[in-house]
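Every read-out reported here was derived from the displayed coordinates using simple, explicitly stated rules and does not represent laboratory data. Values in this document were obtained by computation on a predicted structure and should not be read as measured data. Note that we place each Cβ from the backbone using ideal geometry, even for glycine, and neighbour counts take in every protein chain shown.
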Amino acid sequence: MRQIVLDTETTGLDPRQGHRIIEVAAIELCDRKVSDRTFHRYLNPEREIDEGAAAVHGLTLDRLQDEPKFAEIAPALLQFISGAELIIHNAPFDLGFLNAELALAGLPLLDNAVIDTLKVAKDLHPGKKNNLNALCDRYFIDNSHRTLHGALLDTELLGEVYLAMTRGQESLLGEDLAEHHDDGALAAGEMTRASVRVLRASEEELALHAQQLADIDKASKGSCLWKQLELPA
């Protein structure tokens, strides 16, 4: 499965008021692993940047004067995200800006499938803070270097947050099981089972397993099913 974690920085809050994208970044996930393919551009918005927005990302119009305009980089961006599922935090915000920019450039609007990680986080942690900093703290992801918002840094952090939020407990043991089956032993009609060799866990392995369960239980606020099953009847 190919997914793209995407983020933008903008001159303000509303594209309907003429605000523009000034930075766009995307990183690729293939089968839930970060690849080495990224897309990152700063953009000349051709307008002033609101003071409040500049305080968030630290970008100024002077800094962006020599950067390309969105229409110039749009074909490369569309090619990079083509066919991929998009992972975006507060997706309506970024999609609204991206589609407004595409419309100005006379290009088709986005039709990618989208996962809104803000919605995912709210479903998992109702009533809690679910901004990117809060999620990094909740899932023990180091964001100490995030002094300002930046699209590339934020996509990297969001990728880690998304993988942590969506790591099902069953995947810890079964994620790659299919890769280890011997296809020859599973031929149609072949029902004979080979004898199974049982290898008992060592004391060190049992201790590591117990620590893994403790980490999952802490991250899930006491909701680790395996820990509950280990309780005495």
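For the reader, a short list of remarks on this structure follows.
- Members of K33/K122; K122/K218; K128/K218 lying beyond 21 Å, as alpha-carbon distances in this model show: K33/K122
- Length added when fully stretched, D137-Q65, from 0.36 nm per residue minus Cα-Cα: 22.3 nm
- Residues of segment 61-89 with amide N under 16 Å of the 7 Å Cα→Cβ point at D111: 78-79, 81-86
- Annotation: amide H-H contacts under 5 Å for I87 (H modelled 1.01 Å from N, sequence separation of 5 or more, or interchain): I4, V5, L6, I115.
- By average C-beta atoms within 10 angstrom, highest first, the peptides 19-31, 82-94, 132-144: 19-31, 82-94, 132-144
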